[in-house]
Amino acid sequence: MEENLIEGRNPVTEAFRAGKTVDRLYVLDGCKDGAILTIKREAAKTGTVIKYVDKERLDHMSETGHHQGVIAVIAAYKYSEVSDILKRAEEKGEDPFVIILDGIEDPHNLGAIIRTADQAGAHGVIIREDRAVGLNASVARASAGAINYLPVAKVKNISRTIEDLKEKGLWFVCADAGGTLMYDLNLTGPIGLVIGNEGSGVSRLVSEKCDMTASIPMKGEIDSLNASVACGVLCYEIVRRRMKG
C-alpha cells in the first residue's frame with residue numbers, strides 16, 4: 001500500500017498517545033480483548049474513523065505480517081483547522097475562497113485538486129473525515145508539492161461546516177450537471193466551491209445547503225468530467241470573476 005501504516009497493538013497505542021494524526025483505524029471484527037479496547041478508546045478521543053474488517057483484509061494490508069488485529073493509517077501531512085483557512089484569507093486581505101470535497105476517494109484526484117486550488121488562489125481545502133481519502137503519500141505526490149503550502153482541514157460533517165461558514169459570510173456553489181450554467185451565476189465575493197464524489201457527485205444533504213448549483217457546458221458524447229478537472233474549470237471561472245472585479 002502507498003500509505004503510512006503502523007501495525008500491532010503496542011505501536012498503534014503509542015502512535016495515538018504520541019499525538020500522531022491517524023486517518024483510519026482497521027480493527028479485526030469481533031476482537032474484544034483489553035489491548036484492542038484500549039486502542040478503540042484512544043481512537044474515540046480523537047474522532048478517528050474505525051473500520052472493522054476480517055483477518056484476510058488485514059493480512060492483505062499488512063507490510064510486516066504482524067498486525068495483531070489492528071492497523072492504523074497515519075496521515076502523511078498534518079491537517080489544518082477550518083479557522084486556519086479563514087485566517088489565511090484575512091491575512092491576505094482577500095475574500096475567502098474555500099474548496100469543500102464531499103467524499104473524494106481517489107488520491108490522485110485529491111492531490112490534483114490541492115495543486116489546482118493552490119494555483120487558483122484558494123485559501124484551503126476541506127475534506128470529509130469518513131468515506132474519503134486522507135492526506136497519504138499518493139496524495140502528496142499528485143499535489144506536486146502544493147500540499148506543503150495549502151491548508152487542508154478534515155471535518156466530521158460537511159453540511160454543518162457549510163452552515164458554520166455561511167454564518168461567516170460565505171456563499172456556496174456545488175458542481176452538478178443539472179445545475180445552472182456556470183457563466184450565468186454570480187461567483188464573486190466570499191465563496192465556497194463544493195465538489196462531490198467521483199461516482200455519485202455531491203450528496204443530497206450537502207447540495208441542499210448550497211446556495212447555487214453550477215454546471216459546466218458539455219459538448220461531447222459523455223456527460224461528465226473527472227472530479228479534479230471539473231474542480232479546475234470551476235476554480236478558474238471563480239478566478240476570472242475575481243480578476244474582473
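The values are calculated or read from the model by the stated rules, or taken from the named source; none is laboratory data. In this text, all values refer to a predicted model and were calculated from it rather than measured experimentally. Cβ atoms come from the backbone with ideal geometry, glycine included; neighbour counts cover every protein chain shown. The protein model used for the area step is the full one, side chains on, heavy atoms only, and it has no ligands, DNA or RNA in it. Shrake-Rupley method; radii C 1.70, N 1.55, O 1.52, S 1.80 Å.
Return one whole number: the accessible area per residue of the chain in Å², for a 1.4 Å probe.
Details: 12300 Å² over 245 residues.
I get 50 Å² per residue for this part.
Please work out the C-alpha center-to-center distance from the stretch 5-27 to the stretch 187-227 and express it in whole Å.
Value for the Cα centre distance between the two parts: 35 Å.
Give, as a single signed number, the net charge of other residues whose beta carbon lies under 14 Å from the beta carbon of MET212, with Lys and Arg counted +1 and Asp and Glu -1. Mind showing how you got there, number by number?
Values: positive: LYS166, LYS209, ARG241; negative: ASP176, ASP184, GLU208, ASP211, GLU237.
Once positives and negatives cancel, what remains is -2.
Connecting C-alpha atoms closer than 10 Å in a GNM of the chain, tell me which of LYS166, LYS92, LYS154 has the biggest fluctuation.
LYS92
Got a number for carbon plus sulfur as a percent of the stretch 34-84's accessible area, 1.4 Å probe?
On the way: 1460 of 2920 Å².
It is 50 percent, rounded to a whole number.
For MET61, what accessible surface area do you get with a 1.4 Å probe? Give it in Å², rounded to 10.
Around 10 Å² of this residue is reachable by solvent.
In what order, largest first, do ARG57, ARG160 sit by accessible area if the probe radius is 1.4 Å? Before the final figure, lay out each step's value.
Working: ARG57 105, ARG160 140 Å².
Correct descending sequence by accessible area is ARG160, ARG57.
Counting alpha carbon pairs within less than 8 Å and at least 6 residues apart, what relative contact order, in whole percent, applies to the stretch 146-224? Mind showing how you got there, number by number?
Numbers: 93 pairs, mean separation 29.4, N = 79.
Once divided by the residue count of the stretch 146-224, the mean separation gives 37 percent.
Using a 1.4 angstrom probe and counting only protein chains, how large is the accessible area of CYS174 in Å², to 10?
0
Contact order normalised by length for the chain, with contacts defined as Cα pairs under 8 Å and 6 or more residues apart; what percent is it? Before the final figure, lay out the partial values.
Working: 466 pairs, mean separation 45.5, N = 245.
Taking the mean separation of contacting Cα pairs over the length of the chain, I get 19 percent.
If you wrap a convex hull around the alpha carbons of the stretch 142-245, what volume per residue comes out, as a whole number of Å³? Mind dumping the intermediate values first?
On the way: hull volume 14.1 nm³, N = 104.
Each residue corresponds to 135 Å³ of Cα convex hull volume.
Lys and Arg at +1, Asp and Glu at -1: add these up for the other residues within a Cβ distance under 14 Å of THR38 and post the number.
On the way: positive: ARG9, ARG17, LYS32, LYS40, ARG41, LYS45; negative: GLU14, ASP33, GLU42.
Charge balance near THR38 sits at +3.
I'd like the accessible area for ARG204: 1.4 Å probe, protein heavy atoms, all chains in place, Å² to the nearest 10.
Ignoring ligands and nucleic acids, ARG204 comes out at about 150 Å².
Using a probe of 1.4 angstrom, how much of the accessible area of the stretch 155-245 is carbon and sulfur, in percent?
Values: 2560 of 5050 Å².
Solvent-exposed carbon and sulfur of the stretch 155-245 make up 51 percent of the total.
Can you give the local net charge around LEU185? Use residues other than it whose beta-carbon is closer than 10 angstrom to its beta-carbon, Lys and Arg +1, Asp and Glu -1. Each step should come with its number before you reach the end.
Numbers: positive: ARG241; negative: ASP184, ASP211, GLU237.
Charge balance in the 10 Å sphere: -2.
Unpartnered cysteines of the chain (Cβ-Cβ under 4.7 Å counts as a partner)?
CYS31, CYS231, CYS235
Do the alpha carbons of any pairs in LYS20/LYS51; LYS45/LYS209; LYS45/LYS92; LYS92/LYS244 sit beyond 26 Å of each other, and which pairs? Intermediate results must be reported in sequence, preceding the final value.
Details: LYS20/LYS51 18 Å; LYS45/LYS209 29 Å; LYS45/LYS92 34 Å; LYS92/LYS244 18 Å.
In this structure, LYS45/LYS209; LYS45/LYS92 lie more than 26 Å apart at Cα.
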